[in-house]
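Student: So that we are looking at the same thing, I have put the structure below in structure tokens.
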Amino acid sequence: DHNGDFLCEQIRKFNHESLILFLSHNHQKENMIKALETGADDYLTKPFYLPELQVRIRALIRRRFTTKNFILKAGNLCLNLKSLSATYNNIPIPLKRKEILLLEYLMLNKGNVVSRNQLYEHVWSQNYYYSNTVDVHIRRLRSKIETPFKAKFIRTVYGLGYQLTDPK
């Protein structure tokens with residue numbers, strides 16, 4: 001953990017934006033306090049429960065945006081992480097909770113290709129087991145965002161997943 005503390009300090013000197021979550025085998029409170037004092041955002045001891053790790057990661061990401069800018073944008077599409085609402089050109093888009101979580105992950109990773117498995121883990125907090133759940137929800141999201149506004153945001157990258165970009 002001492003190497004982790006040093007590394008954490010070095011990262012914080014040059015980069016205040018990075019999210020740092022310690023995963024440690026050390027259960028001593030002093031080590032947790034030291035890690036948090038050197039700049040860690042959270043601390044979790046092994047063995048850990050995978051859903052707890054996933055929830056902590058999502059909370060860190062949410063906190064990052066709510067403390068700075070809780071509005072995600074792609075062109076004229078806006079997602080408000082505080083009110084959990086979406087708009088296009090200030091026109092409200094009625095989305096269900098899973099659709100909001102799906103859009104959130106795509107927007108947080110705007111420009112990057114995200115796999116179905118990543119989307120499944122983020123939205124459903126489970127591993128992807130060859131179900132078409134992600135594809136069905138992407139289709140619904142497209143029907144609510146792209147079809148009415150004639151804008152293409154979500155690109156299918158065959159064999160890899162999906163990519164959200166500013167509309168073309």
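The values are calculated or read from the model by the stated rules, or taken from the named source; none is laboratory data. All values derive from a computational prediction rather than experimental measurement. Using ideal geometry, Cβ is built from the backbone for each residue, glycine included, and neighbour counts are taken over all protein chains shown. Ligands, DNA and RNA are stripped out before the accessible areas are found, and what is left, the full protein with its side chains, is counted by its heavy atoms. Shrake-Rupley method; radii C 1.70, N 1.55, O 1.52, S 1.80 Å.
Student: For residues that are over 18 Å from LEU108 (Cα atoms), among the small types (Gly, Ala, Ser) and either in a helix (DSSP H, G or I) or within 18 Å of the chain's Cα centre (by Cα) (or both), tally how many sit in segment 130-168.
Tutor: Qualifying residue count, segment 130-168: 1.
Student: Let me ask something additional. For segment 157-168, enumerate the residues that are touching a residue at least 12 places away in the same chain (Cβ under 8 Å) and either of a type in the set (Ser, Thr, Tyr) or open to solvent by 40 Å² or more (accessible area, probe 1.4 Å) (or both).
Tutor: LEU160, TYR162, THR165, ASP166, PRO167, LYS168
Student: If you don't mind, there's one more thing I want to ask. So if I check each of SER143, SER131, which one is modelled with pLDDT under 90 and out of contact with any Cys (no Cβ under 9 Å at 6 or more places or on another chain)?
Tutor: Among SER143, SER131, only SER131 is modelled with pLDDT under 90 and out of contact with any Cys (no Cβ under 9 Å at 6 or more places or on another chain).
Student: Hey, which of the helices (runs of 4 or more DSSP H) in segment 19-125, taking only ones fully inside, have at least 2 residues that are surrounded by 15 or more Cβ atoms within 10 Å (Cβ to Cβ) and acidic (Asp, Glu)?
Tutor: It comes to 97-108.
Student: Any idea which of LEU95, LEU79, LEU106, LEU102 is closer than 16 Å to GLN54 by Cβ, modelled with pLDDT of 90 or more and not hydroxyl-bearing (Ser, Thr, Tyr)?
Tutor: Residue meeting the stated conditions: LEU102.
Student: Residue by residue through segment 136-156, note down the ones that are open to solvent by 30 Å² or more (accessible area, probe 1.4 Å), in contact with a strand residue (DSSP E or B) (Cβ under 9 Å, 6 or more places away or on another chain) and not polar (S, T, N, Q).
Tutor: Within segment 136-156, ARG142, LYS144, PRO148, PHE149, ARG155 meet the criteria.
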